[in-house]
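So the structure is just underneath, and the comments pick up after that.
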Amino acid sequence: MPSVTLKNAAGKDSGTVELDADFFGAQPNVPVMHQVVTAQLAHRRAGTQSTKTRAEVSGGGRKPFKQKGTGNARQGSIRAPHYSGGGIALGPKPRKYDQKTPKKMIRLALRSALSDRANDGKVIVIDGWGFDAPSTKAAVAALGALGVDGSVLVVHGRDDIATVKSFRNLGHVQLIEVGELNAYDVLCNDTIVFTKTTLPGDGAATPKSSDPGAEGSASDEAQSSETKAKRTSSETASTGSASDEAQSSETKAERTSNETGDTATDETTNEELDS
């Protein structure tokens, strides 16, 4: 796992910090970065260019001269594309230049760009800027203490207003919120400056439970509850089947008694008729 020296706003060492290998230790993929940056720049295009065809240009509704007898080539309108002031043939029209880029490719391009800057030693992590109030002078002094040259990308938090107001007047500094970090802005700057709170990958790991016994007891409880539920369902099914058998036996007994009574009645009737 790559690591860098943790610095403070005065440029002094404050320890070391380990960088997330997923963001800063990946193999840079140049074709993916090129495709993502091209799509991002294409998305910025307004696409509002437009030209008029011969049907949209004003005028030209009358035939300029008769078809025959003038010695000239036949013409139907003075707004044809070959006329001065005529319409434009196959000219540009408003369109969108958006390109569909998969999210996995966008994330891979960002990881590749950050890893490239980390391999060149252009990633700086500080514990905090320490601005009590906005101060451009203090911001210039902090960058000088860190020893950065060229263009700088400062990654700030959402509520870090003092940092934003301190750096926004510096032409060679670009400010970007941590949630808007992208491959194009990383590649456009020479040095990337993070704070410990804006460093990617710090909160990405899922915390593990410190009590394995709790997990075991929870799983045991879940298994026991499932077993109880199965037993209850089986007992309910057996009870239902027993009640059904009882009902069926009662029904059979009633049918037998009815048949016996009918037989006795028929015999009595026959004896009366014989007598």
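Every number here is computed from the coordinates shown, using simple stated rules; none is lab data. As the structure is a computational prediction, the values presented were derived from the model and not from experiment. For neighbour counting, all protein chains shown are included, and Cβ atoms are generated from backbone atoms with ideal geometry for every residue, glycine included.
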Computed ³J(HN,Hα) along segment 94-100: with the Karplus parameters 6.51/-1.76/1.60, θ = phi - 60°, integer Hz and x for glycine or proline, the list is x, 7, 9, 10, 4, 10, 7
Per the C-alpha gyration tensor (a ≥ b ≥ c, the square roots of its eigenvalues), segment 30-99 is rounded if a/c is under 1.5, else prolate if a/b beats b/c, else oblate; here it's prolate
Placing each pseudo-label 7 Å from Cα in the direction of the beta carbon, residue 14 and residue 188 end up separated by a distance in nanometres of 2.9
For the residue 196, residue 38 Cβ pair and Förster radius 35 Å, calculated FRET efficiency rounded to 0.05 is 0.55
The FRET efficiency for residue 159 and residue 30, from their Cβ-Cβ distance with R0 = 41 Å and rounded to 0.05, is 0.70
Amide H neighbours of residue 125 at under 5 Å, excluding residues fewer than 5 places away on the same chain, with H built from the backbone geometry, are 7, 194
Per the rule of 0.36 nm per residue minus the C-alpha distance, extending residue 168 to residue 136 adds in nm 10.7 nm
Counted neighbours (other Cβ, 10 Å), sorted fewest up, put 83, 97 in the order 97, 83
